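Visitor: Below is one structure. I have some questions about it.
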Amino acid sequence: MMERAVQVAIRDRLVATPAVVALVPAAKIRDVGIRPKDFPTIALGESQAVDEGTSLARLHVRVFHTLHVWVKEPTLEQVKVICAAIRKAIHAGRLDLGPGLHCADALVSSMRQIRDPDGETSHGVVTVEVLVSEDQA
């Protein structure tokens with residue numbers, strides 16, 4: 001469930017950041033499985049959890065979470081602005097993951113902006129890495 005906790009914490013951070021919601025309304029920052037029809041949108045995407053191998057107790061996991069930014073524009077200008085705002089929001093401090101989980105670190109490890117083949121849409125892919133520490137049972 002830590003992947004879900006990370007997703008919720010990322011969304012909470014984004015919707016609480018005025019610079020992000022000035023670009024993408026909070027209602028359009030959501031978990032959607034297909035390319036959205038309304039723009040701009042930040043889609044909360046895929047997750048992967050990898051054991052950090054730092055202890056035999058296996059209490060440290062790095063969660064990679066992907067965000068997809070969609071903008072209706074033929075250039076990459078606005079999608080780059082939104083990706084930069086996401087990066088700044090994530091780097092503003094540790095994420096609140098809820099009971100039993102602690103955010104040891106959170107960072108945007110990569111951002112990529114690409115043109116959609118339709119010639120009218122831009123797509124950003126942002127990877128957020130969160131080092132999660134679980135309370136020992």
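Visitor: Sorting Asp12, Asp96 by accessible area (1.4 Å probe), largest first, what list results?
Guide: Asp96, Asp12
Visitor: Quick check: Cα centre of the stretch 9-75 to Cα centre of the stretch 85-137, how many Å?
Guide: 6 Å
Visitor: Also, I was wondering about something else. Give the ranking of Glu46, Glu3, Glu77 by solvent-accessible surface, highest area first, calculated with a 1.4 Å probe.
Guide: Glu77, Glu46, Glu3
Visitor: Relative to the longest principal axis of the chain, what angle (0 to 90°, nearest 10) does the C-alpha long axis of helix 2-15 take?
Guide: 50 degrees
Visitor: Moving on. Helix-only mean residue ellipticity at 222 nm, the chain, DSSP H runs n ≥ 4 weighted -39,500 (n - 2.57), per residue, nearest 500. What is it?
Guide: So the helix-based figure for the chain works out to -7000 deg cm²/dmol.
Visitor: Roughly what angle does helix 77-90 make with the longest principal axis of the chain, taking Cα atoms, 0 to 90 degrees, to the nearest 10?
Guide: The two axes meet at around 20 degrees.
Visitor: Sticking with this structure for a sec: Which of the trypsin sites (Lys or Arg not before Pro) found in the stretch 1-88 are loop residues per DSSP with 14 or fewer other Cβ atoms within 10 Å of their Cβ?
Guide: Of the trypsin sites (Lys or Arg not before Pro), the ones in loops of the stretch 1-88 whose Cβ has at most 14 other Cβ atoms within 10 Å are Lys37, Arg58.
The values are calculated or read from the model by the stated rules, or taken from the named source; none is laboratory data. Predicted, not measured: the structure shown is a model, and the values here were computed from it. Note that each Cβ is placed from the backbone with ideal geometry, even for glycine, and that neighbours are counted across all protein chains shown. Note: areas computed on protein heavy atoms with side chains; ligands, DNA, RNA excluded. Shrake-Rupley method; radii C 1.70, N 1.55, O 1.52, S 1.80 Å.
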